[in-house]
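Any read-out appearing in this document is the output of simple, stated calculations on the displayed coordinates, not a laboratory observation. This is a predicted model, so every value here is computed, not measured. Note that each Cβ is placed from the backbone with ideal geometry, even for glycine, and that neighbours are counted across all protein chains shown.
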Amino acid sequence: MEFLEKAILEKGKVLDGDILKVGSFFNQLMDISILEKIGKNIYQRFKDKNVTKILTVEASGIAMAVATALCFKCDVVFAKKSKTKNVEGEVYTADCYSFTHKTLNQLIVPKEYINSSDNVLIIDDFLATGEALNSLMDIVSQAKAKTVGIGIGIEKGFQKGGDKLREQGVDLFSLAVIDKMDTNGITFRK
Ligand code: G4P
């Protein structure tokens, strides 16, 4: 989407180690007009899929998930990355290794928050290796619900997680796909 590519070019900063810093408008200070457009565009793309629930992972996926859920008028569930004291009862879990942070997390969702009749749209701000999305899809399968699609803000196409998901037949929609980035510039997939 042009509006997001434009903001990335104007305000994003490429850091060492293939990291794109977008905290000034996307995942720390959140520009509400951009978030609103993201939600509307994801809604347009998946509006015929009978979405009943949106699933994301804490922390920065939550804003985009809520912006999208306001269009669908459905609830949002986010997976926690650690079992806090207020998680009780039976839970679905899935391991998730972060290549960016070099940490192993366990994603946790209480069983009562997803049921087998749900058509789940998964949302996340970044797609890099796809580990987080595979773990979220695993949780949806454990609940015997259906993943109807995945909506992403920024896909780092050169890390191949998105291409693998498309090869598996996942209905993946990324608002901006970066094919190449370095300190000289950013190239988007057309
Ligand atoms: P994955 O999301 O495709 O599984 O890939 P990876 O494990 O590498 O990403 C792990 C975390 O790093 C995710 O955040 C993801 O949003 C973030 N991330 C990946 N690439 C970039 C990048 O280029 N720029 C920025 N700003 N973040 C990136 P997380 O661990 O879920 O943390 P949180 O910030 O949502 O709490």
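Details
- Max mean-square fluctuation residue, GNM over the chain, Cα-Cα springs under 10 Å, options Ile54, Ile34, Ile123: Ile34
- Counting neighbouring beta carbons within 10 Å and listing from fewest to most, the residues Cys96, Cys71 come out as Cys71, Cys96.
- Pairwise label distance in nanometres, Lys47 with Ile32, each label 7 Å out on the Cα-Cβ vector: 2.3
- Sites listed here are trypsin sites (Lys or Arg not before Pro) in segment 86-148 whose DSSP assignment is loop and whose Cβ has at most 13 other Cβ atoms within 10 Å: Lys102, Lys144.
- Dipole magnitude of segment 41-113, debye to nearest 20 (Cβ charges: Lys/Arg +1, Asp/Glu -1, about Cα centre): 180
- Distance distribution note for the chain: the fraction of Cα pairs above 25 angstrom is 32%.
- ³J(HN,Hα), Karplus 6.51/-1.76/1.60, whole Hz, each residue of segment 60-75, x for Gly, Pro: 7, x, 5, 4, 5, 5, 5, 4, 6, 5, 4, 6, 6, 6, 10, 7
- Gaussian network model of the chain, springs between alpha carbon atoms under 10 Å - residue of Gly39, Gly12, Gly149 with greatest fluctuation: Gly12
- Förster radius 25 Å - calculated FRET efficiency between Lys160 and Thr103, Cβ distance, rounded to 0.05: 0.75
- Here Asn86 and Lys144 are evaluated by their C-beta separation; at R0 = 25 Å the FRET efficiency comes out at 0.45.
- The chain: angle of helix 32-46 to the longest principal axis, Cα-based, in degrees nearest 10: 60
- Here's how it looks for Lys53: its modeled amide H is under 5 Å from those of Asn119, Leu121, which are all 5 or more places away or on a different chain.
- Environment charge of Phe25, counting only residues whose C-beta is closer than 9 Å and scoring Lys/Arg +1, Asp/Glu -1: -1
- Neighbour-count order for Val148, Val120, fewest beta carbons within 10 angstrom listed first: Val148, Val120
- Value of Rg/Rh across segment 100-152 [Cα atoms, Kirkwood radius]: 0.98
- Neighbour-count order for Leu55, Leu127, fewest beta carbons within 10 angstrom listed first: Leu127, Leu55
- Karplus-based coupling profile of segment 92-104, in residue order and whole Hz: 8, 9, 8, 6, 8, 8, 9, 6, 6, 9, 6, 10, 9, with θ = phi - 60° in 6.51 cos²θ - 1.76 cosθ + 1.60 and x standing for Gly or Pro.
- Chymotrypsin sites (Phe, Trp or Tyr not before Pro) within segment 81-190, DSSP loop, no more than 13 other Cβ atoms inside 10 Å: Phe99
- Relative contact order [Cα under 8 Å, 6+ residues apart], segment 76-190, whole percent: 20
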